[in-house]
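Working notes for the structure below.
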Amino acid sequence: MASLPSAVPSHPVVFTTQTPYTLPSQKFMIPLDWKRYQLSQLINKALDLPKPIPFDFLVHGEILRTSLLEWRTEKGVGEEDTLEIEYFESVMPPQRMSELPHEDWVSSVSCRIPQHFVTASYDGHLRLFDYSQNLVLDASVHQSPITSVCIVPSPPSDTESRILASSSHDLTACLTRVYLDSETPTASTVASLHLHTSPLSSISTDASGSHLLTSSWDGLIGVWDTSIPDDHQVNLERGDDRKKRRKTAPANIKRKAPIAVLKSHTARVSKAIFAAGEPAKGKAYSCGFDSTVRTWDVESGVCMNTINVPERPMLDLTETPDGNVLLAASTDRTVSIFDLRVSSLSSSTGVMMHPTTPSCIATSESGKNQVVTGSYDGVARLWDLRSTKGAVTSFRVWDGMKVLAVDWVGDVVGIGGEGGMEVWRIAGGS
């Protein structure tokens, strides 16, 4: 047992980690007045690291934010009980990297095209920016505000173009092909998706890029393939809204019909996503203003499970990359946590409290425990799912303007809202 010289009472501790920086298995006697900083110094000294690495610490599933004595007193842990403390790399304070001004609100952003950012705006335009903040493409795609955009994964052989899928208040979704191989990228809308009778709230793709899901205020979820048909699958004359657009719908934009419709929600659907991972292939999740999260068998069109969370209308939904946890943002100022590993899950397994309505959520691909949320107070917050009493850190994006969208790829976080788009960098963590 390693004992550290100190007149202060100490407590037996065993350190564990999932990082590459592993300590030999042994018990330490840690002074009770130590906090995160002293513990981090100890780990660095014991490992003899050439460059100091700041660490944070988890005790009984909570990030240590006080001294060990304060924590032990609060939890009622006995003096002889050995504490198992997990350490992980600290998250560095987020840094603002750039601003991309827009004349109208940015409702959705994507960082999924290497070296580029995609924004969707209330003016009906999709825009493509490079990392030097240059606007390299501006495409007018919809006649009403765009609510969501996603990048459809393409085969590795297709390096010249990308398909952008967008949803709108104009009752349609569109597939727009963007050509990136030239000095001046170009775009052409190749298909429009027709099903919904109310504004669309979201569009999302599966991992293969073969299928899409749309959600709408009409309570329906559309299932679509991403093939571009040779002929129109929907008559232009069907419905008054299509008659109005007859003169403005180019013949080369093929009108697609859904391959399936998922019906179960009793109010507007806010988000529908495909489940992550190969084992969950063919499964999808959705949330809506009926305060439910639903699980679907996409192929059969059957709702397999419904989780009711009373009086919690939901705005956004995402899943951790490992497929273990669902997160849903709600108008009651919470983000609900649903641990999918719990058998017969019937309610949320935790919440992340916000001072104002959280509007959007993004998970980290590199760290399964980290989540960024954006909210109506103009603040983005970084959370660790192992300790959700409070955010790890927060950063104000705008004063008096709402955050409406967030995306996170690598250490780059794209944030959209009433102030346009900003790019932030988050480094560290696990």
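The values are calculated or read from the model by the stated rules, or taken from the named source; none is laboratory data. Just so it is clear, the structure is predicted and the values come from calculations on it, not from any experiment. All Cβ positions, even for glycine, are placed from backbone atoms using ideal geometry, and neighbour counts span all protein chains on display. With ligands, DNA and RNA removed, areas are computed over all heavy atoms of the protein, side chains included. Shrake-Rupley method; radii C 1.70, N 1.55, O 1.52, S 1.80 Å.
Would you mind stating whether E84 is outside the structural domain of S366 (by TED's automatic domain parsing), in contact (Cβ under 8 Å) with a residue 24 or more places away in the chain and part of a strand (DSSP E or B)? Answer is yes for this residue.
Is it the case that some residue within the stretch 133-148 is open to solvent by 40 Å² or more (accessible area, probe 1.4 Å), modelled with pLDDT of 95 or more, of a type in the set (D, E) and more than 16 Å from K256 (Cβ to Cβ)? The answer is yes; a qualifying residue exists. The strands (runs of 3 or more DSSP E) falling completely within the stretch 386-430 that include 3 or more residues that are at pLDDT 95 or above map to 403-409, 412-417, 420-425.
Whether any residue in the stretch 302-311 is farther than 29 Å from W224 by Cα and without any contact (Cβ under 8 Å) to a residue 12 or more places away in the chain is what I want to check. Within the stretch 302-311, none of the residues are farther than 29 Å from W224 by Cα and without any contact (Cβ under 8 Å) to a residue 12 or more places away in the chain.
If only residues of the stretch 1-37 that are at pLDDT below 90 and in a strand (DSSP E or B) are counted, the one that is most open to solvent (accessible area, probe 1.4 Å) is S3. Taken residue by residue, the stretch 159-170 has at least one member that is closer than 21 Å to C287 by Cα, modelled with pLDDT of 95 or more and over 19 Å from the mean Cα position of the chain (by Cα).
Here is the figure for the stretch 181-208: residues that are free of Cβ contacts under 8 Å to residues at least 60 places away in the same chain and either among the β-branched types (V, I, T) or open to solvent by less than 10 Å² (accessible area, probe 1.4 Å) (or both) total 6. For the stretch 261-280, the candidate set comprises residues that are more than 13 Å from E319 (Cβ to Cβ) and basic (K, R); within that set, the residue that is farthest from the chain's Cα centre (by Cα) is K263.
Collect the residues in the stretch 355-379 that are open to solvent by 10 Å² or more (accessible area, probe 1.4 Å), among the hydroxyl-bearing types (S, T, Y) and under 12 Å from the mean Cα position of the chain (by Cα), keeping them in residue-number order. S359, T363 - these are the residues of the stretch 355-379 that are open to solvent by 10 Å² or more (accessible area, probe 1.4 Å), among the hydroxyl-bearing types (S, T, Y) and under 12 Å from the mean Cα position of the chain (by Cα).
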